[in-house]
Amino acid sequence: MPDTILEINGLDSFYGDFQALYGVSMRIEKGEVIAVIGANGAGKTTLMRSVTGLLQNKPEMIHYGGKPIGNLRADQIAAVGIAMVPEGRQLFPSLSVEENLVIGGQIKRTGPWSLSSVYELFPVLKERRNQASTSLSGGQQQMVAIGRALMANPDLLLFDEISLGLAPIIIKTIYDALPGIIGSGMSAVVVEQDIVKAVAVSDRVYCLQEGRVSLEGRSGDVSRDAISKAYFGIG
Amino acid sequence: MDWVNAIVQGILLGGLYALFAAGLSLIFGVMRLVNIAHGDLIVLAAFLGLTVTTTLGINPLFAIVIVAPLMGLIGYGLQRVVLNRTLGDDILPPLLVTFGLSVIIQNGLLEIYSADPQKMSAGAIETASLNLPGGLNIGVLPLLMFITAVAVIGSLQWIFYRSAWGRAFRATSDNQDIAQLMGLNKSHVFGLAMALALVVVAIAGIFLGVRTSFDPSAGPGRLIFGFEAVIIGGLGNLWGTLIGGIILGICQNIGAQINPGWQLLAGHLAFLVILAVRPRGLFPRIDG
Ligand SMILES: Nc1ncnc2c1ncn2[C@@H]1O[C@H](COP(=O)(O)OP(=O)(O)O)[C@@H](O)[C@H]1O
Ligand SMILES: [Mg+2]
């Protein structure tokens with residue numbers, strides 16, 4: 001029986017009076033890759049913000065390694081080993097490429113990732129290490145965002161739409177790098193609007209629709225029809 | 001020769017103004033907080049210096065060793081207990097709260113120290129001067145203040161752009177949420193920034209109290225000079241702030257040279273002219 005690393009129980013999330021998630025439940029085993037798919041506005045980013053502590057929840061709604069973490073601050077959650085590549089990259093514009101990476105590693109968790117291993121994974125970043133992060137292309141910025149999250153040596157890594165706004169060739173480069181990253185023993189959640197890509201990299205898939213889980217299954221088992229229905233609510 | 005002298009003294013005075021301004025600039029840069037109580041905190045530091053000096057019987061310039069860490073602690077506590085709660089999307093709460101703080105500090109000082117003007121004596125160094133060729137006469141104390149100001153600005157610049165603290169300051173200033181994801185607790189980061197700002201305030205306060213007499217109501221005037229230096233130099237640029245302070249000092253001294261009553265007026269006019277011509281200041285933020 002595999003160990004559960006993250007368990008989400010009946011999560012309701014709010015922006016003021018507006019409710020964005022309704023009773024969302026999910027489970028992620030150690031070493032597993034989960035895909036979360038759903039249309040724009042389905043609540044995928046809200047789910048990521050809740051897990052990482054950027055939105056506060058009731059403590060028992062999210063368990064990590066068996067402990068309730070739903071009400072911890074984002075920096076406390078980072079310290080227990082959850083990192084995120086946020087939607088839209090969100091690098092620090094005042095920091096150089098290397099400073100963006102170093103600040104990702106300042107939690108000082110031990111593990112395989114360091115400046116040198118990130119530069120090995122994305123050699124182009126080493127050439128540009130002293131440049132402003134804003135001077136890079138979109139794809140290179142995404143590499144910094146991924147490297148920054150890896151530098152924390154997380155046990156669970158969340159990717160929020162890493163292909164958004166990137167050219168197909170860049171997306172392929174980044175997705176080709178994923179198995180090497182996740183293969184190092186991490187668990188991961190890959191949030192995507194692109195169903196094919198999400199299903200291809202994951203062990204299991206959850207579909208969100210208007211703030212609710214509309215489908216859950218093994219990535220190899222779920223049919224395209226079922227996904228379309230869960231994704232769009234039609235079919 | 002009087003004119004050259006006025007300009008040189010103005011430059012040296014500008015160092016003190018830069019010290020008034022540096023903390024203000026740092027805090028605004030890191031957390032977008034305009035600290036209305038900044039001048040009163042400078043005066044508070046001067047009074048603390050006075051107490052330390054008279055109790056221990058030491059030179060006020062050495063009192064910095066005690067007052068600076070004390071002000072740093074006060075800054076950290078103030079930020080964690082009060083100011084962090086005022087920060088958010090709305091810029092009004094921090095303005096109101098620091099305005100209230102300004103009133104509290106002034107009245108507290110009035111209660112404890114009375115309204116009498118005070119001055120700290122630094123001894124023989126106050127009257128010592130260097131005679132330069134051409135009849136130029138530079139006071140050792142003003143020179144020391146100026147050198148200290150340059151060193152303080154240089155140190156802040158180094159901390160901000162080269163140290164782990166500075167990286168945390170810049171990251172938190174860029175994007176508070178993502179900084180928090182990196183394991184930085186923004187409440188703590190802001191506390192550290194305020195502590196650092198008030199260490200600079202302590203140095204400024206001691207120098208203020210050695211240079212001139214001060215009383216509990218002297219704060220707002222120092223705040224204005226600090227503001228003007230920051231705006232003239234350009235927001236978010238520490239070396240610009242130093243130059244802003246120098247320009248302010250020079251203009252005040254030239255004004256005083258024309259007519260003793262024009263000292264402050266000339267400084268304010270220079271500020272207004274620069275604001276009109278270059279609304280973002282002379283050297284708006286350049287990173288690196
Ligand atoms: N900061 C916010 N304030 C208010 N509503 C928001 C905010 N962010 C997202 N929402 C709303 O929450 C819902 C889910 O958004 P989001 O989680 O960003 O969806 P997704 O990432 O799946 O595109 C949407 O209806 C969106 O309009
Ligand atoms: Mg999203």
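Here are a few things to note about the model shown:
- Checking A:K172, A:K126, A:K108 one by one, the residue that is within 14 Å of chain B (Cβ to nearest Cβ), among the charged types (D, E, K, R) and open to solvent by 40 Å² or more (accessible area, probe 1.4 Å) is A:K108 and no other.
- Which numbered condition A:E98 fails, given (1) without any contact (Cβ under 8 Å) to a residue 40 or more places away in the chain; (2) open to solvent by 50 Å² or more (accessible area, probe 1.4 Å); (3) more than 10 Å from chain B (Cβ to nearest Cβ): (2)
- Residue check for A:L47: within 20 Å of A:S25 (Cα to Cα), part of a loop (DSSP other than H, G, I, E, B) and within 16 Å of ligand 2 (Cβ to nearest atom): no
- Among the numbered conditions (1) away from chain B (no Cβ under 14 Å); (2) within 16 Å of ligand 2 (Cβ to nearest atom), the only one that A:L158 does not meet is (1).
- The range A:57-99: number of residues that are of a type in the set (S, T, N, Q), at pLDDT 95 or above and touching a Gly at 6+ places or on another chain (Cβ under 8 Å): 1
- A:A226 being within 16 Å of ligand 2 (Cβ to nearest atom) and not in a strand (DSSP E or B): no
- Check on A:K58, closer than 21 Å to A:C207 by Cα and either away from ligand 1 (no atom under 16 Å from the Cβ) or in contact (Cβ under 8 Å) with a residue 40 or more places away in the chain (or both): no
- For the range A:204-216, filtering for residues that are surrounded by 16 or more Cβ atoms within 10 Å (Cβ to Cβ), more than 13 Å from ligand 1 (Cβ to nearest atom) and not β-branched (V, I, T) leaves 2.
- Residues that are buried (at least 18 other Cβ atoms within 10 Å of the Cβ) and at the interface with chain A (Cβ under 7 Å from one of its Cβ atoms) were ranked within the range B:174-184; the one that is nearest to A:A79 (Cα to Cα) is B:G183.
- Within the range A:38-49, residues that are farther than 21 Å from A:R224 by Cα reach partners that are near ligand 2 (Cβ under 8 Å from one of its atoms) with beta carbons closer than 6 Å, at six or more positions or on different chains, in the pairs A:T45/A:E87; A:T45/A:D160; A:M48/A:D160.
- Cβ-Cβ under 8 Å pairs, at least 6 apart or on other chains, the range B:56-76 side open to solvent by less than 60 Å² (accessible area, probe 1.4 Å), far side among the hydroxyl-bearing types (S, T, Y): B:N59/B:T53; B:P60/B:T53; B:P60/B:S121; B:A63/B:T53
- Residue check, A:E87 outside any loop (DSSP other than H, G, I, E, B), within 14 Å of chain B (Cβ to nearest Cβ) and buried (at least 17 other Cβ atoms within 10 Å of the Cβ): no
- Count - residues of the range A:134-180 that are outside any helix (DSSP H, G or I), among the hydrophobic types (A, V, I, L, M, F, W, C) and more than 12 Å from the chain's Cα centre (by Cα): 6
- Of all residues in the range A:7-29, those that are over 15 Å from A:A42 (Cα atoms) and more than 14 Å from chain B (Cβ to nearest Cβ) have Cβ atoms under 7 Å from Cβ atoms of residues that are away from ligand 2 (no atom under 16 Å from the Cβ) and of a type in the set (D, E), 6 or more apart or on another chain, in A:N9/A:E60; A:R27/A:E7; A:E29/A:D3.
- For the range A:69-84, the set of residues classified as open to solvent by less than 40 Å² (accessible area, probe 1.4 Å), among the small types (G, A, S) and farther than 26 Å from A:Y175 by Cα consists of A:G70, A:A74, listed by residue number.
- Pick from the range A:56-68, criterion surrounded by fewer than 21 Cβ atoms within 10 Å (Cβ to Cβ) and not in a strand (DSSP E or B), ranking: farthest from ligand 2 (Cβ to nearest atom): A:G66
The values are calculated or read from the model by the stated rules, or taken from the named source; none is laboratory data. Here the structure is a predicted model, which is why all the values come from computation and not from measurement. Counting neighbours? That spans all protein chains shown, and the Cβs are built from the backbone with ideal geometry, glycine included. These accessible areas exclude ligands, DNA and RNA; they are computed on the full protein's heavy atoms, side chains included. Shrake-Rupley method; radii C 1.70, N 1.55, O 1.52, S 1.80 Å.
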